[in-house]
Amino acid sequence: FLSMQLEKAEAPLKFASTQSSFLVKGWIPTDDLQKSIERLNKSSKNMAFVHFEPAKKHDKVPVKLKNPKIAKPFEFFMELYTMPTYKEIDPTSIMFLTYPLLFGFMLGDIGYGLTTLVLFMILKRLMPKARNFFNILVFASISTIFFGFLFGEFFGFEEIGSLHLPHLLSRAHDVNKLLYLAVAVGVFHINLGFLIGFVNEFKSHGFITAINTKGSWFILEAGVVLTALSALKIITLPTYIGILTLIASAVMLYKGEGIRGLIEIPSIFSNTLSYARLMAIGLSSVVLAVIVNDSAKEFFHQGGFLVLAGVLILVIGHIVNIMLGLLGSFLHSLRLHYVEFFTKFFHGGAKKYQPFGMRED
């Protein structure tokens with residue numbers, strides 16, 4: 001409260017003023033303009049003159065994010081990274097969809113998802129100031145349950161008694177398929193970034209620039225696919241067609257981004273392979289869960305007081321595995337967005353819009 005009052009008291013020192021007038025310049029959201037003009041006229045008894053101009057191309061506009069209520073918690077990640085500029089597409093709503101999916105792909109267990117869902121619902125009530133952070137983790141837990149059903153896992157078990165959990169893919173046994181799926185997710189995610197980048201460039205610099213800087217990456221990928229398919233005799237197409245496509249994409253990249261674009265060509269392959277971590281982290285979680293379960297079974301079979309030891313191994317082992325899974329899934333999902341995804345379209349660097357005389361909690 002005192003900091004708000006201090007800013008208001010110091011305001012006249014920042015205004016251009018004479019004995020009979022003063023000039024105040026600032027930013028205001030378009031949606032709030034009319035209401036603000038009415039309040040200014042009322043408080044000044046119609047003695048204030050308000051002149052409004054839309055933001056110009058090179059203005060450093062402070063940014064106020066505007067997202068659906070359900071996606072708002074994910075603004076936390078943008079504030080943690082940097083705010084998008086005024087003309088850029090805000091990736092918050094996209095992260096609302098993709099972040100939980102990558103998280104769930106890695107943790108992917110019905111039992112773990114239910115446990116973390118209950119935990120984060122409780123923590124959200126106990127720590128209301130961190131509710132946005134815990135809301136993100138609630139969505140991630142729901143995604144974990146969803147993938148748990150796809151993988152047919154419940155605390156690492158694929159069978160509970162005589163009940164065999166149905167699954168589309170077994171992470172413990174279909175490792176190669178899991179790897180291919182992880183890389184396919186990477187291809188989709190990265191190309192989504194290029195598509196958003198194309199839209200950003202088109203809005204800022206026009207169609208030709210957008211084609212050269214972002215569209216060229218699609219042509220590069222097409223060239224790689226054509227060259228590979230023709231070399232493997234899967235399609236009857238001269239190999240030089242794919243090579244010419246690759247050369248054309250390199251020329252376009254050079255025209256759009258200069259030498260930097262050519263240097264970044266190898267990065268598209270390393271970025272795609274980076275999504276293999278979706279398989280690796282998920283597999284490590286499954287293997288650790290199976291080890292915990294098998295160790296506990298040995299004690300259960302011996303009976304007596306060793307049953308209690310088996311229960312302790314199950315409880316402590318799965319708690320540790322959940323903690324490791326949460327940490328790994330959270331950080332690596334975030335990394336795949338910040339490093340592999342954002343670099344394809346996002347510049348950022350804008351200042352967050354902060355209304356005069358107000359401070360957020």
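Quick notes on this structure:
Per-residue answers, yes or no, for (1) open to solvent by 60 Å² or more (accessible area, probe 1.4 Å); (2) assigned to a helix (DSSP H, G or I); (3) of a type in the set (A, V, I, L, M):
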{"site": "Pro12", "(1), (2), (3)": "yes, yes, no"}
{"site": "Leu33", "(1), (2), (3)": "no, yes, yes"}
{"site": "Lys56", "(1), (2), (3)": "yes, no, no"}
{"site": "Thr85", "(1), (2), (3)": "no, no, no"}
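- Ile219 open to solvent by less than 10 Å² (accessible area, probe 1.4 Å) and at pLDDT 90 or above: no
- Residue match in region 89-108 (condition: open to solvent by less than 50 Å² (accessible area, probe 1.4 Å), among the acidic types (Asp, Glu) and either touching a residue at least 40 places away in the same chain (Cβ under 8 Å) or assigned to a helix (DSSP H, G or I) (or both)): no
- Selection of region 134-191 for residues being more than 21 Å from the chain's Cα centre (by Cα), surrounded by fewer than 16 Cβ atoms within 10 Å (Cβ to Cβ) and among the small types (Gly, Ala, Ser) yields Gly161, Ser162.
- All of (1) of a type in the set (Lys, Arg); (2) assigned to a loop (DSSP other than H, G, I, E, B); (3) closer than 30 Å to Glu201 by Cβ hold for Lys72 with one exception: (2).
- Region 203-216, subset without any contact (Cβ under 8 Å) to a residue 60 or more places away in the chain and more than 23 Å from Leu246 (Cα to Cα), residue surrounded by the most Cβ atoms within 10 Å (Cβ to Cβ): His205
- Every residue from region 109-135 that is farther than 29 Å from Leu288 by Cβ and either touching a residue at least 60 places away in the same chain (Cβ under 8 Å) or in contact with a Cys (Cβ under 8 Å, 6 or more places away or on another chain) (or both): Lys129, Asn132
The values are calculated or read from the model by the stated rules, or taken from the named source; none is laboratory data. None of the values given here were measured: they were computed from a predicted structure. Positions of Cβ are backbone-derived with ideal geometry, glycine not excepted, and every protein chain shown enters the neighbour counts. Ligands, DNA and RNA are stripped out before the accessible areas are found, and what is left, the full protein with its side chains, is counted by its heavy atoms. Shrake-Rupley method; radii C 1.70, N 1.55, O 1.52, S 1.80 Å.
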